[in-house]
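The structure appears right after this line, and notes come after that.
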Amino acid sequence: MILDTLVHAHCSHFLGPRFAAGLKWLAGFSSQTADGRYDIQGDDLFVLVQSYPTVPAIQKNVESHRIYADIQSIASGTEVIYYAPIHRLKVVTGYDDCKDIMFYADAVEMTSLVLGLGSFAIFHPHDGHKPGCLASSPSQIKKAVVKVRI
């Protein structure tokens with residue numbers, strides 16, 4: 001897991017050309033970007049832009065992916081994303097290969113990451129993450145999730 005700001009996105013280019021291209025796309029992402037899918041390199045690298053309200057953490061699930069890493073970035077609002085390595089998590093819904101997702105019960109200890117304007121987080125397949133959670137108060141989120149095939 002990596003948490004950083006877009007100002008320092010170039011420091012994460014060492015992860016490879018797909019990550020670099022995804023981070024470059026985020027430089028032009030704004031709250032005016034329409035929701036939907038944006039292909040950068042077809043199914044190898046694409047972006048899902050979404051809008052939603054944050055909710056209490058109890059209403060969200062911890063998830064992970066096998067095929068894709070996520071680069072998550074916020075254009076408006078503030079959310080908390082809880083993180084724990086998957087080896088510390090108990091599976092509650094098995095892997096769905098069509099959706100590339102698996103769900104887990106919360107770990108006893110999870111790290112809370114605050115994602116706001118100008119920040120991004122990278123989650124690899126071994127990183128359990130629970131996005132969309134309330135920070136100090138409800139917030140309307142505009143988010144890009146860059147899906148990077150590993």
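Each reported figure results from applying straightforward, stated rules to the coordinates on display, with no laboratory input. Small disclaimer: the values here were computed from a predicted structure and weren't measured. Using ideal geometry, Cβ is built from the backbone for each residue, glycine included, and neighbour counts are taken over all protein chains shown.
So what is the 222 nm mean residue ellipticity for the chain from helices alone, if each DSSP H run of at least 4 adds -39500 (n - 2.57) and you divide by all residues, rounding to the nearest 500 deg cm²/dmol? Present the calculation step by step, with values, prior to reporting the outcome.
Details: 1 runs with 10 residues, N = 150.
-2000 deg cm²/dmol, from helical runs alone.
Taking the alpha-carbon distance from residue 90 and a cut-off under 15 Å, which aspartates and glutamates remain once sequence neighbours fewer than 8 residues away in the same chain are dropped?
Reachable aspartates and glutamates: 63, 106, 109, 127.
Length gain on complete extension for the stretch residue 114 to residue 39, per 0.36 nm per residue less the alpha carbon to alpha carbon distance? If you can, show how the numbers build up before the last one.
On the way: separation 75, 0.36 × 75 = 27.00 nm, distance 2.71 nm.
Fully extending the segment from residue 114 to residue 39 adds 24.3 nm.
Taking 1 over the mean of 1/r across every pair of different Cα atoms in the chain, what Kirkwood radius in Å do you get? Provide the component values of the computation, followed by the final result.
Values: mean 1/r = 0.0650 Å⁻¹.
Here the Kirkwood hydrodynamic radius works out to 15.4 Å.
Put a dot 7 Å past each Cα toward the Cβ at residue 27 and residue 13; how far apart are the dots in nm?
Output for this residue pair reads 0.8 nm.
Can you work out the FRET efficiency for the pair residue 93 and residue 52, with r the C-beta to C-beta distance and R0 = 25 Å, to the nearest 0.05?
Working: r = 20 Å, r/R0 = 0.81.
Efficiency, from the Cβ-Cβ distance: 0.80.
Work out the length of the dipole vector of the chain about its Cα centre, built from +1 on the beta-carbon of each Lys and Arg and -1 on the beta-carbon of each Asp and Glu, and round it to the nearest 20 debye. Don't jump to the answer; show the numbers that get you there.
Values: 13 positive and 14 negative charges, 19 e Å.
It comes to approximately 100 debye.
Fewest Cβ neighbours within 10 Å first, please rank 100, 43 accordingly. Mind showing how you got there, number by number?
Values: 100 16, 43 10.
In order of increasing Cβ crowding within 10 Å: 43, 100.
Just tell me the longest site-free run in the chain, where the sites are trypsin sites (Lys or Arg not before Pro) in a DSSP loop having at most 10 other beta-carbon atoms within 10 Å.
Values: sites that count: 90, 99.
Longest stretch, sites excluded: 1-89.
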